[in-house]
1. Quick one: in segment 76-95, which of the residues that are modelled with pLDDT of 95 or more and farther than 15 Å from residue 209 by Cα is surrounded by the fewest Cβ atoms within 10 Å (Cβ to Cβ)?
2. Scan 185, 211 and give me the residue that is without any contact (Cβ under 8 Å) to a residue 40 or more places away in the chain and surrounded by 19 or more Cβ atoms within 10 Å (Cβ to Cβ).
3. Return a yes/no flag: does segment 244-264 have any residue that is part of a helix (DSSP H, G or I) and touching a strand residue (DSSP E or B) at 6+ places or on another chain (Cβ under 7 Å).
4. Is it true that residue 265 is more than 16 Å from residue 45 (Cα to Cα), modelled with pLDDT under 95 and surrounded by fewer than 23 Cβ atoms within 10 Å (Cβ to Cβ)?
5. Looking at 204, 196, which one is in contact with a helix residue (DSSP H, G or I) (Cβ under 8 Å, 6 or more places away or on another chain) and part of a strand (DSSP E or B)?
6. Considering every residue within segment 235-243, establish whether at least one is free of Cβ contacts under 8 Å to residues at least 40 places away in the same chain, touching a helix residue (DSSP H, G or I) at 6+ places or on another chain (Cβ under 8 Å) and surrounded by 22 or more Cβ atoms within 10 Å (Cβ to Cβ).
7. List every residue pair whose Cβ atoms sit under 6 Å apart, with the two residues 6 or more apart in sequence or on different chains, where the first one lies in segment 273-286 and is closer than 16 Å to residue 21 by Cβ and the second, anywhere, is in a strand (DSSP E or B).
8. Would you point out which residue out of 225, 229 is buried (at least 22 other Cβ atoms within 10 Å of the Cβ) and in a strand (DSSP E or B)?
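The values are calculated or read from the model by the stated rules, or taken from the named source; none is laboratory data. Nothing here was measured: the structure is a model prediction, and the numbers come from that model. Positions of Cβ are generated from backbone atoms using ideal geometry, with glycine treated the same way; all protein chains shown enter the neighbour counts.
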């Protein structure tokens, strides 16, 4: 039997796409994997629309998303959660982190951050460390900024991001950050979280009021999600989520990371690369039943 959360009698899963492009085979795999586990464990499957980025996410793309999921034969529990309707939840969480002294504003542009990294590399003669996504760690320019000056610049509307002070956060969280990963056989294992490898991550921007990391933690807790099933490309990001859960006193779900579908060049399918969409596949005559078989869900 698959592991279940002791906190709730019924396991709760969620599929959480963003309506910033058409769904592709990778999304179908994730949605169907969630459906499979929810059915096998007698759980509920929720749909969450991650539309916090109001510039890229559109009503037309959300409608297309619903059409794709209906074509796949997926059904979800009532009350779809849209992130754009819950900005207050994320703002309250940011306020809580701010009260604990865990957030600070960074006013440096991407160019300024890159220049600071280059200067550090030139001075040390060594490559600057990168995060699991291969992005250079933030060099901490804004961490020592005078608080009064920072408040004045924010009040004046100067563009900035809010970063998590990783050092302070780890000290407050104490040791023993970990989470449990389950697999299809019913076994599970404890994995140690390593949030320090991400550095001072961004949790909010002026144009996007909360980051993916913050929203997913808040949403999972408010929706009572007990099992998170998602692609292996988000495995490392779970470090940040487990840290935020500890800092905010929220439960940590069980996790499962499914393999990714790759294109002919060996890259994961992505909207940004215009990977063939489910709508394209339908137009070519592929049926939902055939797609399910192709993905191993006969």
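1. 80
2. When all the criteria are applied, what remains is 211.
3. No - not one qualifying residue is present in segment 244-264.
4. It is true that residue 265 is more than 16 Å from residue 45 (Cα to Cα), modelled with pLDDT under 95 and surrounded by fewer than 23 Cβ atoms within 10 Å (Cβ to Cβ).
5. Testing whether each residue is in contact with a helix residue (DSSP H, G or I) (Cβ under 8 Å, 6 or more places away or on another chain) and part of a strand (DSSP E or B) leaves just 204.
6. Looking for residues that are free of Cβ contacts under 8 Å to residues at least 40 places away in the same chain, touching a helix residue (DSSP H, G or I) at 6+ places or on another chain (Cβ under 8 Å) and surrounded by 22 or more Cβ atoms within 10 Å (Cβ to Cβ), one finds at least one in segment 235-243, hence yes.
7. Close Cβ pairs (under 6 Å, with a partner that is in a strand (DSSP E or B)) amount to 275/24; 277/24.
8. The unique qualifying residue is 229.
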